[in-house]
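For reference, the structure discussed in these notes is given below.
Each reported figure results from applying straightforward, stated rules to the coordinates on display, with no laboratory input. Everything quoted here is computed from the prediction, not taken from an experiment. So basically every Cβ, Gly included, is an ideal-geometry build from the backbone, and we count neighbours across all protein chains shown.
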Amino acid sequence: MAHDAVLDLIIESESRRAHDLKLAETGATGDGLKEFTDVIKQDIAAGKIIEKTYSFDKVGLNLFLPKFSSQASRLVGVTLTGTSTFITRDASGNVLSQSTTPYSKSWGLDTSSSASHLVIVNNYTDLAPAP
C-alpha cells in the first residue's frame, strides 16, 4: 500500500512536470485526482513548469475516523513524512526558483479501472486518528 502511494506521487510529479492530465488519471481518482489536476491547470495558466521531487524519512499505515460519521468503519491511510522540492521553470526551461518544504500527508488509496495498482482517492491529512 505504501509502495503504491509513493508510485502515485511519482506519477503526480511527472504529470505536473509534463502538464499531462491523462497521466494524472493513472495515479489518482476522485478527490485525489482533483487535487492533482488543479495544480496542473494552475501551472498551465501561469505558463510555468514545476518539477517536484519527494524525499521520505517516515512511512506509516494509520487508521482514521471518518469525517461525518462516527459509526462508519475506520479508514486505512498511508502517512508519508519528509520533504518536497520544487523547481519552477519558465516555458523556455529557465529555472525561476527552487525551494524545499516539509511534507506530511496521509492518503487513502483504492482500486481503479485505469491502473494496475492502488491509486490515491482521498487526502486524509485533516482526519482524526482512530483510537
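Quick notes
- Helical mean residue ellipticity (222 nm; -39500 (n - 2.57) per DSSP H run of 4+; nearest 500) of the chain: -9000 deg cm²/dmol
- 3J(HN,Hα) from dihedral phi, the stretch 50-64, Karplus parametrisation 6.51/-1.76/1.60, rounded to Hz, x for glycine, proline: 10, 9, 10, 10, 10, 9, 10, 10, 8, 9, x, 9, 9, 9, 10
- Karplus-derived 3J(HN,Hα) values for the stretch 111-121, using 6.51 cos²θ - 1.76 cosθ + 1.60 with θ = phi - 60°, are 6, 8, 6, 8, 8, 9, 10, 5, 10, 5, 10 Hz; glycine and proline are entered as x.
- Considering only 110, 57, 90, the mean-square fluctuation computed in a Gaussian network model of the chain, springs between alpha carbons under 10 angstrom, is largest for 57.
- Restricting the calculation to Cα atoms, the chain shows an Rg/Rh of 1.00 when the hydrodynamic-style radius is the Kirkwood one.
- Label-point gap, in nm, between residue 19 and residue 3 - each point 7 angstrom along Cα→Cβ: 3.5
- Helix 30-46 axis, angle to the chain major axis (alpha carbon atoms, nearest 10°): 20
- Pairwise centroid distance, computed over Cα atoms, of the stretch 82-104 with the stretch 109-131, Å: 25
- Karplus-derived 3J(HN,Hα), 6.51/-1.76/1.60, for each residue of the stretch 2-12, Hz, glycine and proline x: 5, 4, 5, 4, 5, 4, 4, 6, 5, 4, 4
- In the chain, lysine pairs with alpha-carbon atoms under 23 angstrom apart (chain gap of 8 or more, or interchain): 13
- Candidates 82, 93, 60, ranked by Gaussian network fluctuation over the chain, Cα under 10 Å, top entry: 93
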